[in-house]
Amino acid sequence: MRIPAMLGHWFVTSMCWAATPALTQEHHKDHSAADLNRQFQDPNLDVQKFVQRFETDSREIFAQRQAIVQAVDLRPGLAVADIGAGTSLFTWMFAEKVGPKGTVYAVEIAPAFLKSIGEQARQRGLEKVVKTVRSTREATNLAPGSTDVAFVCATYHDFEHPEKVLASIHQALRPGGRLVVIDFELRKDSSAFVRERARASKEVYFREIEAAGFTRVKAKPPLNLKENFFAVFQRRRGASLPGRRST
């Protein structure tokens, strides 16, 4: 879980579309995705500083972590990709859910986070379950057909190249695979913190994701958050994506 970088366009009613510029005009004031991604490239990044910042009950995602894991609905033997794994909060919780026969891909653009996760995996004896994957600003670098569930938490709003990253996620998911997205819920009454960081409304994000070959499905069980939205999508077979043949 962190705030990194990668995504792009969607079906919105004309009213929502007209409201988007006003809601997003403060987006990333001194918090651009490119700037944040450059920061995360530092191999000497202080991981503990981010643990202290992100893993606190004042952050809704941390406070609701157990409910979030339950809503992701993992079971033993599945392969899940924690995209933007960051401090690895959910990586270890997912590892417990998928068990020794499952796989958790900790996908990260930041080498310092990957190093920390790799070291912890060895210390916990989970090298065969938790595998690190170095992503780029344009791709997750997950192997095709390697994943049952892709989890993107507090990361989507910072995707610099949404279409390309989503295409790599679509390729990595097995038939019927799920994409779970949690991110800032941008509303007229959103806090200044959210308005400065949210790239767009959730309707814009949903439009981007559906255009990339996904269909939104009902979350079971549902999860109601106050500052963030929780959405589940399923990989659509036969989707025609730019530069790729339908699969």
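Read the figures in this text as sums done on the coordinates, not as results from a lab. A quick note: this is a predicted structure, and the numbers were derived from the prediction, not measured. Here Cβ is always computed from backbone atoms with ideal geometry, including for glycine, and neighbour counts include all displayed protein chains.
Given the pairs 49/131; 97/220; 164/202; 115/226; 97/128; 202/226, which are separated by over 25 angstrom at their Cα positions?
115/226
Kindly rank 225-233, 105-113 from highest to lowest mean number of other beta carbons found within 10 Å of each residue.
105-113, 225-233
Any chance you could tell me what percent of the C-alpha pair distances in the range 65-180 go past 26 Å?
Roughly 10 percent, once rounded to a whole number.
So if I take the centroid of the Cα atoms in the range 215-234 and the same for the range 56-99, what is the distance between those two points in Å?
That distance is 15 Å.
Using a 10 Å cut-off around each Cβ, can you sort 157, 170 from fewest to most neighbouring Cβ atoms?
So the ranking, lowest neighbour count to highest, is 170, 157.
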